[in-house]
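A.B. asks: One structure, as structure tokens, below. Some questions next.
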Amino acid sequence: MDITQRIAQFENMVQADPNNDMAHFSLGRVYAEAGRWREAGEAFLSCIARNKDMSKAYELAGNALIQAGDKAKAAEVLRVGYKSAGERGDRMPQRAMGDLLTKLGEALPKVEGGAAPAAVDGGTFVCRQSGRAGHQMPRPPFKGPVGLWIHENISKETFDTWIAQGTKVINELRLDLSRDEDAASYDKHMRDFLGIDDDLFQKLSAGR
């Protein structure tokens, strides 16, 4: 499935469920992959409008707006996101937004009473995708290098969120996972959701 088809699928998901924050987030990712930076920024901002606690969306919105040439708007979004991430204890996206602000020549906002890294029921495993502390899955979700990477980098909480989102993907796109093409489409949606871009996927598939 080419990038145009994937964009169309996520656009359809957003239209079918406009309040689905992760649909907007995933649409932003594929817009960014296609170099459609303005639209990517707008999709990530739509995600934030529905979920102000998603620190990663602020980071990606800021980067997309920088790529689109709107540095003033990018700085505005990144300042809000930096403070929000700091208050929530989302250290990884906060650090990334700080780097982007520094490159823009902006001073880092002060964060009053920053929280300890956000955790779920005492979890200490930091998810690479969300930047939040949670729990590591007891085993890879499936065999192979991609499953192993997910086990080593993605928290159980984030993967559980994908399972819920994946069910929507199956239903809204009417996928039949017994068909190779539909199974491949599902897998691509999963990788987009979990932040496994094409370069990383190729390295994992090659065993590097």
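A.B. asks: Would you be able to tell me the number of residues in segment 1-49 that are closer than 17 Å to Lys188 by Cβ and basic (Lys, Arg)?
C.D. replies: The number of residues fulfilling the criteria is 2.
A.B. asks: Out of all the residues in segment 18-27, is one or more at negative phi, part of a helix (DSSP H, G or I) and over 13 Å from the mean Cα position of the chain (by Cα)? Let's see the steps before the verdict.
C.D. replies: Kept after step one, since they are at negative phi, are these residues of segment 18-27: 18-27.
Still in the list and also part of a helix (DSSP H, G or I): 21-27.
From what's left, over 13 Å from the mean Cα position of the chain (by Cα): none.
Checked against the condition, which is being at negative phi, part of a helix (DSSP H, G or I) and over 13 Å from the mean Cα position of the chain (by Cα), segment 18-27 yields no hits at all.
A.B. asks: When you go through (1) within 25 Å of Gly166 (Cβ to Cβ); (2) more than 16 Å from the chain's Cα centre (by Cα); (3) assigned to a helix (DSSP H, G or I) one by one for Glu59, which number turns out not to apply?
C.D. replies: (2)
A.B. asks: Which residue out of Asp160, Asp176, Asp182 is out of contact with any Ser or Thr (no Cβ under 7 Å at 6 or more places or on another chain), in a loop (DSSP other than H, G, I, E, B) and at pLDDT 85 or above?
C.D. replies: Working: Asp160 fails: in a loop (DSSP other than H, G, I, E, B); Asp182 fails: in a loop (DSSP other than H, G, I, E, B).
Only one candidate passes the filter, namely Asp176.
A.B. asks: Shifting gears a bit: Among the residues of segment 81-99, which ones are without any contact (Cβ under 8 Å) to a residue 24 or more places away in the chain and buried (at least 17 other Cβ atoms within 10 Å of the Cβ)?
C.D. replies: Selection gives Gly98 alone.
A.B. asks: Within segment 97-111, track down each residue that is under 10 Å from Gly81 (Cβ atoms) and outside any helix (DSSP H, G or I).
C.D. replies: Answer for segment 97-111, where residues must be under 10 Å from Gly81 (Cβ atoms) and outside any helix (DSSP H, G or I): just Pro109.
A.B. asks: Going through segment 27-83 one residue at a time, which ones are touching an Asp or Glu at 6+ places or on another chain (Cβ under 6 Å) and of a type outside the set (S, T, N, Q)?
C.D. replies: Within segment 27-83, the first condition is being touching an Asp or Glu at 6+ places or on another chain (Cβ under 6 Å), and the residues that meet it are 29, 31, 47, 50-51, 55, 75.
If the condition is that a residue be touching an Asp or Glu at 6+ places or on another chain (Cβ under 6 Å) and of a type outside the set (S, T, N, Q), then Arg29, Tyr31, Cys47, Arg50, Ala75 are the ones that fit.
A.B. asks: Out of the residues in segment 125-140 that are at pLDDT below 95 and under 23 Å from Asp198 (Cβ atoms), which is surrounded by the most Cβ atoms within 10 Å (Cβ to Cβ)?
C.D. replies: Restricting to residues being at pLDDT below 95 and under 23 Å from Asp198 (Cβ atoms), the top hit is Cys127.
A.B. asks: Would you please list the contacts, defined by Cβ atoms under 8 Å and residues six or more apart or on different chains, that run from a residue in segment 53-69 that is basic (Lys, Arg) to a residue that is assigned to a helix (DSSP H, G or I) and modelled with pLDDT under 95?
C.D. replies: Taking only residues 6 or more apart or on different chains, the pairs are Lys56/Phe25; Lys56/Pro93.
A.B. asks: Would it be correct to say that Ala34 is in contact (Cβ under 8 Å) with a residue 24 or more places away in the chain, in the same structural domain as Leu100 (by TED's automatic domain parsing) and more than 28 Å from Ile163 (Cβ to Cβ)?
C.D. replies: Values: in contact (Cβ under 8 Å) with a residue 24 or more places away in the chain: yes; in the same structural domain as Leu100 (by TED's automatic domain parsing): yes; more than 28 Å from Ile163 (Cβ to Cβ): no.
Spelling it out, it is not the case that Ala34 is in contact (Cβ under 8 Å) with a residue 24 or more places away in the chain, in the same structural domain as Leu100 (by TED's automatic domain parsing) and more than 28 Å from Ile163 (Cβ to Cβ).
The values are calculated or read from the model by the stated rules, or taken from the named source; none is laboratory data. Given the structure is predicted, the values throughout are model-derived calculations rather than measurements. Backbone-built Cβ (ideal geometry, glycine too); neighbour counts: all protein chains shown.
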